[in-house]
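Since every read-out is calculated from the coordinates, none of them should be taken as a lab result. Only a predicted model underlies this, so the values are computations on that prediction, with no experimental measurement involved. All Cβ positions, even for glycine, are placed from backbone atoms using ideal geometry, and neighbour counts span all protein chains on display.
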Amino acid sequence: MRKKVLVLGGTQMIGRDFVCTLSKDDNYEIVLANRGITNPSLNSKYQHITIDRNDKYKCQSLANYRFNFVIDFSCYTSDQLLNTIDYINSDVYILLSSMSIYDINDTQYDKKYIEYCINKKQAEELFITISKFKTIIIRPCAVYGEHEYTDRFEKIQDEWFWKNTNIKASDSENCIHVSIVTKLIIDLIKTIKQINTIIDITRDRSEEHTSELQSRFGI
């Protein structure tokens, strides 16, 4: 029997690569849930549920379905998680977070980015408290690759660079190609050996926040 995978988001860089890669495996049935605004042509290829995570009422349609896996590419605040979590029925929930949670106290960054970091951390902390799923948090470092939309990287003669520099996007620069993130997520849903855990995808791992969560929630 095919396993049903709910993808929250799925129309931008990492989610898009994941969906396109997983769709080649006939063992999985993909359902996209998003507003239908970003790259709407992608939604026509798969079953699509229209939701708005900023409005709890507009997420209720999720309750009509049952999934084996949820892959969440579109959670940026704890409110967005709260607006959807009660309506989702699934065995496993994988949340894509960010290594940016380690930058909260770094004064070199602007206010908008620090707000993003804080929101991601708060979403993680809420997610850890949810007991209705087997949970996994994935924190990539800076991701580059096809369909790059953050304006941080550029492709020059088949190689990726930090934009307007001669610095190559590579492990040594704490960057990772989108295909590696996709592969990790697919490997997880195929083996599902690691549950209720946090996975940092980076060359230089920091354990401070992970230890904090492990101590607080006993994971």
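Before moving on, here are some points about what is shown:
- Bridging of Lys120 to aspartates and glutamates at a Cα separation below 12 Å is possible for Asp79, Asp103, once same-chain residues fewer than 8 apart are set aside.
- Sparse-neighbour loop sites [trypsin sites (Lys or Arg not before Pro); the range 59-131; at most 16 other C-beta within 10 Å; DSSP]: Arg66
- Separation of the range 1-32 from the range 80-118 is 21 Å, based on Cα centroids.
- When only the Cβ of Lys, Arg, Asp and Glu is charged (+1, +1, -1, -1), the dipole of the chain relative to its Cα centre reaches about 780 debye.
- Checking the Cα-Cα distances for Lys4/Lys183; Lys4/Lys134; Lys45/Lys121 against a 25 Å cut-off, the pairs over it are Lys45/Lys121.
- Distant-in-sequence amide H partners of Ser90 (H built 1.01 Å from N, under 5 Å): Phe67
- Considering only His48, Tyr109, Val19, the residue lying farthest towards the positive end of the dipole of the range 2-122 is His48, judged by Cα position with unit charges set on Cβ.
- Highest-first packing order for the peptide set 134-142, 160-168 is 134-142, 160-168, based on the mean count of other beta carbon atoms within 10 Å.
- Shown in residue order for the range 119-130 are the 3J(HN,Hα) couplings computed by the Karplus curve 6.51 cos²θ - 1.76 cosθ + 1.60 at θ = phi - 60°: 4, 5, 5, 5, 5, 4, 5, 5, 4, 4, 7, 7 Hz (x for Gly and Pro).
- Cross-link partners of Lys163 among aspartates and glutamates (Cα-Cα below 19 Å; sequence separation of 8 or more within a chain): Asp110, Glu146, Glu148, Asp151, Glu154, Asp171, Glu173
- Positive-end residue of Ala63, Leu184, Asn39, charge dipole of the chain with Cβ unit charges: Ala63
- The Cα atoms of the range 1-127 cover 50, 29, 27 Å along the three principal axes, with the biggest extent listed first.
- This structure gives semi-axes √(5λ) of the Cα gyration tensor in Å, computed directly, and of [x] 26, 22, 17; [y] 48, 18, 15; [z] 32, 24, 15 that value is listed as [x].
- A Cβ-based charge dipole, computed about the Cα centre of the range 79-164 with Lys and Arg at +1 and Asp and Glu at -1, lands at about 240 debye.
- Here the extension length gained between Asp52 and Asp79 equals 8.5 nm, from 0.36 nm per residue of separation less the Cα-Cα distance.
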